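The values are calculated or read from the model by the stated rules, or taken from the named source; none is laboratory data. Note that this is a predicted model, so its numbers are computed, not measured. Neighbour counts are summed over all protein chains in view; Cβ atoms, including those assigned to glycine, are modelled from backbone coordinates with ideal geometry. With ligands, DNA and RNA removed, areas are computed over all heavy atoms of the protein, side chains included. Shrake-Rupley method; radii C 1.70, N 1.55, O 1.52, S 1.80 Å.
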Amino acid sequence: MRVLSLGSYRVVEIVTMPENRVYITRQVGNEAIALLKQKYKVEIWDSEEPIPKETLLTAVGGISALFCTVSDIIDAGILEAAGPQLKVVATMSAGWDNVDVAECRRRGIEVCKTPDIAADAAADIAVALILMTSRNIVQGIDAIRQNLFHCWKPFWLCGSGLINKTIGILGFGRVGFGIARRIKPFGVERILYNDLEEIEYAENCAQYVSLDTLFSSSDILCICCGVNSLTKGMVNSKLLQRMKRTSILINTSRGVVVNHDDLAEALSDGTIAAAGLDVTDPEPLPVGHPLLTQPKCVILPHMGTNTAETRVAMSVNTAKNILAVLN
Amino acid sequence: MSNRRPKVYVTRRVPPDGLEILRPHCEITQWDSEKPVPRAELIRQIAGKDALFCLLTDKIDGEVLNAAGPQLKCIGTMSVGYDHIDMTECRERNIPVGFTPDVLTNATAELTVGLLLATSRRLIEASQSVREGGWGTWDPCWMLGHGLDGSTVGVVGLGRIGMAVARRLAPFGVKRFLYSGHSPKNEANEIGAEFVDFDDLLSNSDFVLGCCALTKENQGLFDKDAFSKMKSNAIFVNTSRGGLVNQTDLYQALVNHQIAAAGLDVTSPEPLPTDSPLLTLKNCVILPHIGSATEMARGAMSALTGRNILSFLRGEEMPCRIK
């Protein structure tokens, strides 16, 4: 509504602005949805299953903002179907490899993600995987189930533990840093890392080394890098063979960074001792995939951020990202 | 020590570290099996021995001490818990008992944190669903657990292991550490832990950790009453001794959602019978008592037990004697 002064007359001009439409690709929680409903017209794919691509193509026509999750691939086709009034794609995830960020930028569309909130929860999961693999926790549970626990025995199910071990971190971002902070009080001997370059905030907790040194010196190696052309398929048989036979590989970044066939082989022939994965490619792994039946591989179904508090925070943050762009 | 070499009975196949300490000076008889020595055999073999090297699976009571005879000088248990030993009987007979604190603290604290994370983030349930084909595409609301960030952690018994666990949990964003026990501890200041009474700890904690030794007084400490005082989102973790917990009451508390989940490295008995109701619960994670299960810790436990026994036999102080 606008008020104009024309001489002694006041004219009130009612201008109807087209309402901003937001499309949310999943049931993401009431708080976030309410925040957006206050200001915009909100439509939601109200299902436990991800939205099928064809449905999404139809649904996005004319929207100003797209609120999506890690299971939605937002490519040029979706952006085209949305139309030129699309201003922002906000993904409720730490990374944005599910979004064609370059294409968005070409079209003047902002892309937002939620790296900080997810980092703490993801670092928790990484340490959980480190402990589960280095202390044979899954084997312990299975042993009870299979009636193999008869009594306390000095040599049974002994794990390698963390005391005096060398922890290696590939990619010293928020999650890598979070892992380093958490692992310190466990009595590790040293923390090494490799990244594109030395990182200032790593100074007091981890030592920069070459990629080869990282792989050959680590007892426990954590993959924490983002996905790009350099890192896709980076952890392959060549790098795995540089690792100690007693070492453990942990991946909480994205499945595509690790060559799954090479990993399966490395576990099978004893090139490395064990692996803990919170992410795979694809997710879920197809039934019958060799990693699923490999006893030395603990696989979690992408639990990185699985607490109610974290998910609420991520969804609220995503809503706030959208609010910030559209206002 | 008389001219003849002292006789030591070892109740199991143990890491060689302790035997290597004893062997040059003692005559060792050993139940060289990975399974516990049957009681009848223990009673037969302990007769006439000067020292006993035992494990937590060996019940050392008046009957065993009688069978040993008056020449039994000392006992070394390869454990930090000693609820399997009748300390009253030992004190009456002037038999000192050595144990293995400190050398297993790191391993046990490490396992406690692993168990806490696996339980609170539902990782066992999740990894099982992966193996059983229950893994769908990423869903914001599926399999949600409880985080440590901003939480209150209550440590029941802030001893060596309790402190080691708390130190490891601190960087996960724990907001408050509470602890209960007989008296406040100076070490608590290191992590800013507050001394509170047991009931206050239960009603305020998001994570309740059983880290105290098992005594006659605290058998069944975690019972219906205790669980009823805990928060409905609480995660209960016990890595001390199974006897601290009333398992029937725990089952009810879990089934009725009085607490969110439990992680147990210890039970009574060990193992649980195959039809134990706790084994049927998705929100009860049970490990087969692997708290100190690293080669380093077990080797050190064996060595310390050997040193405890040898020192006393030589007329010296035991490095680690139960008071």
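Looking for something farther than 21 Å from A:Ala128 by Cα, part of a helix (DSSP H, G or I) and of a type in the set (A, V, I, L, M) - is there at least one such residue anywhere in the stretch A:272-293?
Scanning the stretch A:272-293, I find no residue that is farther than 21 Å from A:Ala128 by Cα, part of a helix (DSSP H, G or I) and of a type in the set (A, V, I, L, M), so the answer is no.
Considering only residues that are assigned to a loop (DSSP other than H, G, I, E, B) and over 23 Å from A:Leu131 (Cα atoms), look in the stretch B:251-269 and name the one that is nearest to the other protein chains (Cβ to nearest Cβ).
Quick first cut of the stretch B:251-269, residues assigned to a loop (DSSP other than H, G, I, E, B) only: B:256-260, B:265-269.
From what's left, over 23 Å from A:Leu131 (Cα atoms): B:256-259, B:268-269.
Details: B:Asn256: 21, B:His257: 15, B:Gln258: 19, B:Ile259: 16, B:Ser268: 13, B:Pro269: 9 Å.
Residue satisfying both the conditions and the ranking: B:Pro269.
Could you list, in sequence order, all residues of the stretch A:168-209 that are β-branched (Val, Ile, Thr) and assigned to a helix (DSSP H, G or I)?
We begin by selecting, within the stretch A:168-209, every residue β-branched (Val, Ile, Thr); these are A:169, A:175, A:179, A:183, A:188, A:191, A:199, A:209.
Once the filter is applied, which keeps residues that are β-branched (Val, Ile, Thr) and assigned to a helix (DSSP H, G or I), the stretch A:168-209 yields A:Val175, A:Ile179, A:Ile183.
Report, ordered by the first and then the second residue, all pairs with beta carbons closer than 8 Å, sequence separation of six or more or different chains, a first member in the stretch A:128-156 that is facing another protein chain (nearest Cβ under 7 Å) and assigned to a loop (DSSP other than H, G, I, E, B), and a second member that is open to solvent by 30 Å² or more (accessible area, probe 1.4 Å) and among the β-branched types (Val, Ile, Thr).
The qualifying pairs are A:Asn147/B:Thr274; A:Cys151/B:Thr57; A:Trp152/B:Thr57.
Given the criteria surrounded by 20 or more Cβ atoms within 10 Å (Cβ to Cβ), at negative phi and not hydrophobic (A, V, I, L, M, F, W, C), does A:Asn259 qualify? Don't jump to the end; show me each part of the working.
On the way: surrounded by 20 or more Cβ atoms within 10 Å (Cβ to Cβ): yes; at negative phi: yes; not hydrophobic (A, V, I, L, M, F, W, C): yes.
So A:Asn259 passes the test.
State all residues of the stretch A:190-234 that are closer than 20 Å to A:Ile248 by Cβ, crowded, with 17+ Cβ neighbours inside 10 Å and of a type in the set (D, E, K, R); if no residue qualifies, say none.
A:Asp219
If I filter the stretch B:270-281 for residues that are of a type in the set (D, E, K, R), out of contact with any Gly (no Cβ under 8 Å at 6 or more places or on another chain) and over 26 Å from B:Gly98 (Cβ atoms), do I get at least one hit?
Restricting attention to the stretch B:270-281, the residues satisfying the condition of being of a type in the set (D, E, K, R) are B:270, B:275.
Now narrow it down to the ones that are out of contact with any Gly (no Cβ under 8 Å at 6 or more places or on another chain): B:275.
Now drop any that are not over 26 Å from B:Gly98 (Cβ atoms), which leaves B:275.
Yes.
Which number in (1) touching an Asp or Glu at 6+ places or on another chain (Cβ under 7 Å); (2) over 29 Å from A:Ala319 (Cβ atoms) marks the one condition that A:Met132 misses?
Going through the list (1) touching an Asp or Glu at 6+ places or on another chain (Cβ under 7 Å); (2) over 29 Å from A:Ala319 (Cβ atoms), A:Met132 breaks only (1).
Under the condition of being over 17 Å from A:Val28 (Cα atoms) and charged (D, E, K, R), which residue from the stretch A:41-92 is least open to solvent (accessible area, probe 1.4 Å)?
A:Asp75
What pairs come up if the first residue lies in the stretch A:298-327 and is over 30 Å from B:Gly114 (Cβ atoms), the second is assigned to a helix (DSSP H, G or I) and of a type in the set (D, E, K, R), and their beta carbons are under 6 Å apart, counting only those six or more places apart or on different chains?
Taking only residues 6 or more apart or on different chains, the pairs are A:Val316/A:Glu31.
Just the residues that are more than 14 Å from every other protein chain (Cβ to nearest Cβ) and either among the hydrophobic types (A, V, I, L, M, F, W, C) or within 22 Å of the chain's Cα centre (by Cα) (or both), please, taken from the stretch B:4-41. Can you show your working first?
First pass over the stretch B:4-41, keeping only residues more than 14 Å from every other protein chain (Cβ to nearest Cβ): B:4-9, B:20-29, B:40-41.
If the condition is that a residue be more than 14 Å from every other protein chain (Cβ to nearest Cβ) and either among the hydrophobic types (A, V, I, L, M, F, W, C) or within 22 Å of the chain's Cα centre (by Cα) (or both), then B:Val8, B:Ile21, B:Leu22, B:Cys26, B:Ile28, B:Ala40 are the ones that fit.
Hey, could you check the stretch B:42-63 for residues that are surrounded by fewer than 19 Cβ atoms within 10 Å (Cβ to Cβ) and more than 14 Å from chain A (Cβ to nearest Cβ) and say which is farthest from B:Cys74 (Cα to Cα)? Can you show your working first?
Pass one, the stretch B:42-63, residues surrounded by fewer than 19 Cβ atoms within 10 Å (Cβ to Cβ): B:43-44, B:47-48, B:57, B:59, B:61-63.
Among the residues that remain, those that are also more than 14 Å from chain A (Cβ to nearest Cβ) are: B:43-44, B:47-48, B:61-63.
On the way: B:Ile43: 16, B:Arg44: 18, B:Ala47: 13, B:Gly48: 12, B:Asp61: 14, B:Gly62: 14, B:Glu63: 16 Å.
Result: B:Arg44.
What are the residue pairs meeting all of these: first residue in the stretch B:311-323, first residue exposed (fewer than 14 other Cβ atoms within 10 Å of the Cβ), second residue part of a loop (DSSP other than H, G, I, E, B), Cβ atoms under 9 Å, and 6 or more apart or on different chains?
B:Arg314/B:Met1; B:Arg314/B:His25; B:Gly315/B:Met1
Taking the stretch A:163-189 on its own, how many of its residues are buried (at least 24 other Cβ atoms within 10 Å of the Cβ) and in contact with an Asp or Glu (Cβ under 6 Å, 6 or more places away or on another chain)?
Residues that pass the stated criteria total 1.
I want to confirm something. Restricting to the stretch A:302-319 and keeping residues that are open to solvent by 10 Å² or more (accessible area, probe 1.4 Å) and within 7 Å of another protein chain (Cβ to nearest Cβ), which single residue is farthest from A:Val22 (Cα to Cα)? Quick ask: steps written out before the conclusion?
Keep residues of the stretch A:302-319 that are open to solvent by 10 Å² or more (accessible area, probe 1.4 Å), which gives A:302, A:305, A:308-313, A:316-317.
If we keep only those that are within 7 Å of another protein chain (Cβ to nearest Cβ) too, we end up with A:302, A:308-311.
Numbers: A:His302: 27, A:Ala308: 23, A:Glu309: 24, A:Thr310: 22, A:Arg311: 19 Å.
The qualifying residue farthest from A:Val22 (Cα to Cα) is A:His302.
Looking at the stretch B:98-113, can you tell me whether even one residue there is of a type in the set (A, V, I, L, M) and open to solvent by 50 Å² or more (accessible area, probe 1.4 Å)?
First, the residues of the stretch B:98-113 that are of a type in the set (A, V, I, L, M): B:103-104, B:107, B:109, B:111, B:113.
Cutting the leftovers down to open to solvent by 50 Å² or more (accessible area, probe 1.4 Å) gives us B:103.
Yes; the residues of the stretch B:98-113 include at least one that is of a type in the set (A, V, I, L, M) and open to solvent by 50 Å² or more (accessible area, probe 1.4 Å).
Looking at this structure, is A:Lys244 at pLDDT 95 or above, within 23 Å of the chain's Cα centre (by Cα) and part of a loop (DSSP other than H, G, I, E, B)? Talk me through it step by step, then tell me what you get.
Values: at pLDDT 95 or above: yes; within 23 Å of the chain's Cα centre (by Cα): no; part of a loop (DSSP other than H, G, I, E, B): yes.
So A:Lys244 does not fit the description; no.
Does A:Ile322 satisfy the criteria of being more than 10 Å from chain B (Cβ to nearest Cβ), open to solvent by less than 20 Å² (accessible area, probe 1.4 Å), part of a helix (DSSP H, G or I) and over 29 Å from B:Asn233 (Cα atoms)?
Details: more than 10 Å from chain B (Cβ to nearest Cβ): yes; open to solvent by less than 20 Å² (accessible area, probe 1.4 Å): yes; part of a helix (DSSP H, G or I): yes; over 29 Å from B:Asn233 (Cα atoms): yes.
Taking the combined requirement at face value, the residue satisfies it.
Pairs under 9 Å by beta carbon, first residue under 13 Å from A:Asn236 (Cβ atoms) in the stretch A:264-279, partner open to solvent by 10 Å² or more (accessible area, probe 1.4 Å) and in a helix (DSSP H, G or I), six or more apart or different chains?
As it stands, the answer is A:Ala264/A:Pro290; A:Glu265/A:Ser237; A:Glu265/A:Pro290; A:Ala266/A:Ser237; A:Thr271/A:Ser237; A:Thr271/A:Glu265, since those pairs meet every condition given.
In the stretch A:168-227, what residues are under 18 Å from A:Val127 (Cβ atoms) and more than 24 Å from the chain's Cα centre (by Cα)?
Taking the stretch A:168-227 first, the residues under 18 Å from A:Val127 (Cβ atoms) are A:168-193, A:202, A:205-206, A:218-225.
Selection gives A:Pro185, A:Phe186, A:Gly187, A:Val188, A:Glu189, A:Arg190.
Out of everything in the stretch A:93-118 that is open to solvent by 10 Å² or more (accessible area, probe 1.4 Å), assigned to a helix (DSSP H, G or I) and touching a residue at least 40 places away in the same chain (Cβ under 8 Å), what residue ends up being farthest from the other protein chains (Cβ to nearest Cβ)?
A:Pro115
Just the residues that are touching a Gly at 6+ places or on another chain (Cβ under 7 Å), more than 14 Å from chain A (Cβ to nearest Cβ) and among the charged types (D, E, K, R), please, taken from the stretch B:82-121.
Listed by number, the residues that qualify are B:Asp86, B:Glu89.
Kindly provide the set of residues from the stretch B:95-119 that are without any contact (Cβ under 8 Å) to a residue 40 or more places away in the chain and part of a helix (DSSP H, G or I), ordered by number. Spell out the reasoning first.
Pass one, the stretch B:95-119, residues without any contact (Cβ under 8 Å) to a residue 40 or more places away in the chain: B:95, B:114, B:117.
B:Gly114, B:Leu117 - these are the residues of the stretch B:95-119 that are without any contact (Cβ under 8 Å) to a residue 40 or more places away in the chain and part of a helix (DSSP H, G or I).
Among (1) surrounded by fewer than 21 Cβ atoms within 10 Å (Cβ to Cβ); (2) farther than 19 Å from B:Ala213 by Cα, there is one condition B:Arg122 misses while meeting the rest; what is its number?
That leaves (1) as the condition not met.
Is it fair to say B:Thr274 is of a type in the set (S, T, N, Q) and either within 8 Å of another protein chain (Cβ to nearest Cβ) or in a helix (DSSP H, G or I) (or both)? Quick ask: steps written out before the conclusion?
Values: of a type in the set (S, T, N, Q): yes; either within 8 Å of another protein chain (Cβ to nearest Cβ) or in a helix (DSSP H, G or I) (or both): yes.
It is true that B:Thr274 is of a type in the set (S, T, N, Q) and either within 8 Å of another protein chain (Cβ to nearest Cβ) or in a helix (DSSP H, G or I) (or both).
Within the stretch A:277-288, how many residues are open to solvent by less than 50 Å² (accessible area, probe 1.4 Å) and modelled with pLDDT under 95?
The initial filter retains those residues of the stretch A:277-288 that are open to solvent by less than 50 Å² (accessible area, probe 1.4 Å), namely A:277-280, A:284-285.
Going one step further and asking which of them are modelled with pLDDT under 95, we end up with A:284-285.
Count: 2.
Taking A:Arg245 as the residue in question, decide whether it is surrounded by fewer than 16 Cβ atoms within 10 Å (Cβ to Cβ) and either within 14 Å of chain B (Cβ to nearest Cβ) or of a type in the set (D, E, K, R) (or both). Give the steps one after another, and end with the answer.
Details: surrounded by fewer than 16 Cβ atoms within 10 Å (Cβ to Cβ): yes; either within 14 Å of chain B (Cβ to nearest Cβ) or of a type in the set (D, E, K, R) (or both): yes.
Yes, satisfied.
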